[in-house]
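Have a look at this one.
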Amino acid sequence: METIEVSNEKALKALEQIKTYCAATNLDELNYVIKILKKLQCAGVTKPLEADFSLLTEKKNG
C-alpha cells in the first residue's frame, strides 16, 4: 500500500467537510475525533500515527 503524507490541517479540513454529509447519529463521534486531532496539534504532535505515546504513560505512572 502506498504511503500518503497528510498534515493535521488537511485531515481536520477533510473531517470538517465530512460533517456536512455525516448522519446525525454520528456527529458526536465525529466531533470527538476532531477535538482529539486539534488537541494533538496544539500539543505539537504533527504526525500522530508515528508518535510514541508510551512516554505519556511513563510520566503518569512515574
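The values are calculated or read from the model by the stated rules, or taken from the named source; none is laboratory data. If you're wondering where the values come from, they're calculated on a predicted model, not measured in any experiment. No Cβ is skipped: glycine too gets one built from the backbone with ideal geometry, and neighbour counts run over all protein chains shown. Accessible surface areas use protein heavy atoms only, side chains included; no ligands, DNA or RNA. Shrake-Rupley method; radii C 1.70, N 1.55, O 1.52, S 1.80 Å.
With a point put 7 Å past each Cα toward its Cβ, work out how far E50 is from T25 in nm, to one decimal.
Here the answer is 3.8 nm between the modelled labels.
Take each uninterrupted DSSP H stretch in the chain, measure its Cα extent along the helix axis, and return the ones at 15 Å or beyond whose mean Kyte-Doolittle hydropathy is at least -1.0.
Those that pass (Cα extent of 15 Å or more, hydropathy at least -1.0) are 8-21, 27-42.
Keeping to pairs on different chains or 8 or more places apart, tell me how many lysine pairs in the chain have Cα atoms under 28 Å apart.
Taking the Cα cut-off of 28 Å, the pair count is 24.
Can you give the accessible area per residue of the chain, in Å², using a 1.4 Å probe?
Per residue, the chain has an accessible area of 90 Å².
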